[in-house]
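The values are calculated or read from the model by the stated rules, or taken from the named source; none is laboratory data. Just so it is clear, the model here is predicted, and its values are computed rather than measured. Counting neighbours? That spans all protein chains shown, and the Cβs are built from the backbone with ideal geometry, glycine included. The protein model used for the area step is the full one, side chains on, heavy atoms only, and it has no ligands, DNA or RNA in it. Shrake-Rupley method; radii C 1.70, N 1.55, O 1.52, S 1.80 Å.
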Amino acid sequence: MVPQSKPGTIMTNQNSLLAPAAGGPVPREIRIPIAGMSCASCVARVEKALRAVPGVTAASVNLATEVATLQAPPGVTASAIREAVAKAGYEVGQEDIDLDIRGMTCGSCVARVERALGKASGVLQVSVNLATERARVVAVAGTDPETLRAAVAAAGYEAALADAGQTQAGAAAARRAPPDWWPVAAGVALTVPLLLPMLGHAFDAHWMLPEWLQLALASLVQFWLGARFYRAGWKALKALSGNMDLLVALGTSAAYGLSVYGLFFDADGHLYFEASATLITLILLGKWLEQRAKRQTTEAIRALHALRPERARVRRGDEELDVPLAAVKVGDLVVVRPGERVPVDGELREGRSHVDESLITGESLPVAKGPGERVTGGSINADGLLLVETRAIGAETTLARIIRLVEDAQAAKAPIQRVVDRVSAVFVPVVLVLALITLLGWGLTNGDWTAAVLNAVAVMVIACPCALGLATPTAIMAGTGVAARHGILIKDAEALEIAHSITTVAFDKTGTLTAGQPSLVALEPLHGERLELLRLAAALQQGSSHPLARAVMLEAEVNRIDAGGAVDARALPGRGVQAVIGGRTVYLGSARLMSELGIDTTALAERARELASQGRSVSWLALERDGERTLSGLLAFGDRVKPGARRAIAQLHRQGVKTVMLTGDNHGSAQAAAGALGIDEVRAEVLPADKAQTVAELKRAGTVVAMVGDGINDAPALAAADVGIAMATGTDVAMHTAGITLMRGDPLLIADAIEISRRTYRKIWQNLFWAFIYNVVGIPLAAFGLLNPVIAGAAMAFSSVSVVTNALMLRRWRPAPAGAQGIATEPVSIALSPVELGGKS
């Protein structure tokens, strides 16, 4: 369980209430946590809102415990209570509960489990995934999981709390269990002798088995191997519902029963034992193949779980202790040897190495790491001994968050799946009605009740509710899984479905298209050497943490310049800095500072205007000796474009996507930046608070808009877009708001995210086409007697396999290689916002 808000309790108590009116529903006491209350007036508002809910007979709220107690009959749902509380301006505390569901076979089962859980006390929302065989329940905080398990059991299925931490224990248990193929092997062994006579006809041989042996073999298949269908079908009947198991049980029982009747009561009757046995064996084979394929769709999750080491080597004092990972605490120093996985998220304290983060970020090349840099748990230390200070453990690590995001996406339902679920809910009853019509139609028309039974059997077994239920979730699981392997985290199925139709991508410039870190792009000395100008600027900036100061020091380091010392350094607020270097006072700052000092900048004014028109941030450097102040030169700074930015824009254009840049820069520098990148449209001088409004304007133009950003101020725009795409190199706020998170700050991943979305959406429609076509074509053929029951059973068995196999083809997807199709790859430098060192010009 993953709490999402303040924990609380939900409790029902029938005995605490007065006796209900005769014939009326038995009331119950419900306790629900309420968040957001601060005073007695809040209590009054919540109580008034709760009493207004139809069916609620009494309500009282305790401000101290923040719990509402109300009396209501079972018909009052938690959802209705939550809506009433929300309208009053408060929130009901809630939590997510994941359940493993056993016994589901088709879309009808999904609908039954969802209905059962939806009626359980405290449940707000339910989503059941047939492919993962899991239910995600959003319930009032404190809801007892036993209540949910009982609801599932009443519907005829089994439920258990899902616990990712038990995966290894589960794997060990699976190894001890018999192989899952044994029912198929047993079915083949028992069915092949029944099929030998058909094979013998081809060689004019008579290999017919004695009738009693046919009965024995068919009975073993029918009631031993086929018992699972009877059990599940009976549970469905008790719940006044239907599923695939019921269809199989009825269909094969009809063929088996017809054979038994012919054996004992009709000497001239034909026996169809091979038909019933072959049907069950084929369906078992299809189910086995389906399960194998479904396991492959969850390979991405299993691969991520496998990245977590079980133990860590912690340095405490002078000794190194090998401890379970759960015993590691934040602040512990963890030793990582070459070739080992980094067990925790942390900061590198000692050592240098190359770290392989490919399964986390999708970056294929190892990344060089040194002291002070962050390392991610699950990555592999290639070649150095590292000492890592733990910064995050358990559920707060990057790997755990990635796993949670992928699991959430795979558990969620795409909007189209809800339509399919409604079809699946009525599918089995409709098929049973069609089978009855077929039986009566053939029997009453020509009196051949044997043909009538066989054709009705064919109708029941050709029906493919499994394929309908698997069509969408398997494609989503495969798509989100392969995307995660390449550094694209898709938060939910809705984002995946919408992303395929994106027509416009709006970019925040800084940190998204650019590195977000200024670099020194121009040195213009009035007299003398450029490197001397750089030396003076570096000496002045030593010890400063200002981004432009860091850019100067980086350039000095690249040019191997010894900056020397500076004394009496001090900041000039809003204007720049000054210090004494070699007996001279050196000033570095804005045009305003030069004006205040009376320094003539005319000699470089034209060059400064040229740089400013390109959006460069210009700073001036001047010297003072013996009271005389003179201009020494100027420095210009620009934000460097990310290496893949131009290729990303070109790739989006090839996909038919329009690109828009949102920036606070002036129009001149914004146009220069857009021109360098090939962006279609520029919205300049957009304040952070206005980005969401700009995105809304783009949407009103009839386009499907994706917003790409990385900062806190991008969060409203990310939420306003049809799909928000956040860079993981940015803030947590942006990532929580976005539907898609890119684990690397590479703009090329944006086009890749759209591409995998389009491919997944195509797979969904292909799967739905095949799932429906099996039924639309197969059921009429069976009803008109044109389909042998064995062929019908084979078609039904392999319909699910074909759907899952088609979805698995998504695993072969790979992002377009960098630099493909002749796109230029050289780095570009573009405009910063025109803010100079120390102030504005």
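For the reader, a short list of remarks on this structure follows.
- Scanning the stretch 274-292 for residues being farther than 15 Å from residue 217 by Cβ and among the hydroxyl-bearing types (Ser, Thr, Tyr) gives a total of 0.
- Residue that is nearest to residue 101 (Cα to Cα) [pool: residues in the stretch 141-176 that are assigned to a loop (DSSP other than H, G, I, E, B) and at pLDDT below 80]: 162
- Listed by first and then second residue, the pairs linking a residue in the stretch 452-479 that is free of Cβ contacts under 8 Å to residues at least 60 places away in the same chain to a residue that is buried (at least 24 other Cβ atoms within 10 Å of the Cβ), with Cβ atoms under 9 Å apart and 6 or more places separating them unless they lie on different chains, are 452/438.
- Of all residue pairs spaced 6 or more apart or on separate chains, those with beta-carbon atoms under 9 Å, a first member in the stretch 426-442 that is more than 10 Å from residue 460 (Cα to Cα) and touching a residue at least 24 places away in the same chain (Cβ under 8 Å) and a second member that is surrounded by fewer than 18 Cβ atoms within 10 Å (Cβ to Cβ) and of a type in the set (D, E, K, R) are 442/448.
- Single residue of 603, 612 found to be in contact (Cβ under 8 Å) with a residue 60 or more places away in the chain, open to solvent by 30 Å² or more (accessible area, probe 1.4 Å), in contact with a Pro (Cβ under 9 Å, 6 or more places away or on another chain) and of a type in the set (A, V, I, L, M): 612
Residues are listed down the side, and each one gets a yes or a no for (1) over 19 Å from residue 744 (Cβ atoms); (2) hydrophobic (A, V, I, L, M, F, W, C):
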site	(1), (2)
308	yes, no
315	yes, no
325	yes, yes
368	no, yes
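- The residue pairs whose first member lies in the stretch 386-399 and is at positive phi, whose second member is among the acidic types (Asp, Glu) and modelled with pLDDT under 90, and whose beta carbons are closer than 7 Å, counting only pairs six or more residues apart or on different chains, do not exist in this structure.
- Annotation note: of 437, 488, the sole residue that is within 30 Å of residue 800 (Cβ to Cβ), among the aliphatic types (A, V, I, L, M) and touching an Asp or Glu at 6+ places or on another chain (Cβ under 7 Å) is 488.
- Of all residues in the stretch 44-54 being open to solvent by 40 Å² or more (accessible area, probe 1.4 Å) and of a type outside the set (Lys, Arg), the one that is farthest from the chain's Cα centre (by Cα): 44
- Odd one out for residue 180, checked against (1) modelled with pLDDT of 85 or more; (2) open to solvent by 60 Å² or more (accessible area, probe 1.4 Å): (1)
- Looking only at the stretch 329-381, and only at residues there that are part of a loop (DSSP other than H, G, I, E, B) and without any contact (Cβ under 8 Å) to a residue 24 or more places away in the chain, the one that is most open to solvent (accessible area, probe 1.4 Å): 365
- On inspection, residue 530 qualifies as modelled with pLDDT of 85 or more and not aliphatic (A, V, I, L, M).
- All positions within the stretch 560-580 that are assigned to a loop (DSSP other than H, G, I, E, B) and exposed (fewer than 13 other Cβ atoms within 10 Å of the Cβ): 560, 562, 564, 565, 573, 574
- Screening the stretch 235-254 for residues that are closer than 16 Å to residue 151 by Cα and in contact (Cβ under 8 Å) with a residue 60 or more places away in the chain and picking the one that is surrounded by the fewest Cβ atoms within 10 Å (Cβ to Cβ) gives 238.
- Criterion applied to 667, 653 was being farther than 30 Å from residue 584 by Cα, open to solvent by 20 Å² or more (accessible area, probe 1.4 Å) and modelled with pLDDT of 90 or more, and the one residue passing it is 653.
- Test: residue in the stretch 79-101 that is assigned to a loop (DSSP other than H, G, I, E, B), within 24 Å of the chain's Cα centre (by Cα) and within 25 Å of residue 418 (Cβ to Cβ): no
- Applying the criterion of being among the aliphatic types (A, V, I, L, M) and at pLDDT 90 or above to the residues of the stretch 582-592, the residue that is surrounded by the most Cβ atoms within 10 Å (Cβ to Cβ) is 588.
- Qualifying residue in the stretch 548-565 (condition: among the hydrophobic types (A, V, I, L, M, F, W, C) and over 20 Å from residue 638 (Cβ atoms)): yes
- Candidate set from the stretch 615-641 (those that are outside any strand (DSSP E or B) and under 20 Å from residue 581 (Cα atoms)); member that is least open to solvent (accessible area, probe 1.4 Å): 627
- Odd one out for residue 212 among (1) closer than 30 Å to residue 422 by Cβ; (2) open to solvent by 40 Å² or more (accessible area, probe 1.4 Å): (1)
- Taking the criterion of being crowded, with 20+ Cβ neighbours inside 10 Å and touching a strand residue (DSSP E or B) at 6+ places or on another chain (Cβ under 7 Å), the residues of the stretch 526-545 that qualify are 533, 534, 536, 537, 539, 540.
- One residue stands out in the stretch 408-466 among those that are basic (Lys, Arg) and assigned to a helix (DSSP H, G or I): the one that is nearest to residue 278 (Cα to Cα), namely 422.
- Answer from 682, 660, 708, 695 - the residue that is in contact with a helix residue (DSSP H, G or I) (Cβ under 7 Å, 6 or more places away or on another chain), modelled with pLDDT of 85 or more, part of a helix (DSSP H, G or I) and buried (at least 19 other Cβ atoms within 10 Å of the Cβ): 695
- The selection criterion, being assigned to a strand (DSSP E or B) and crowded, with 16+ Cβ neighbours inside 10 Å, holds for residue 391.
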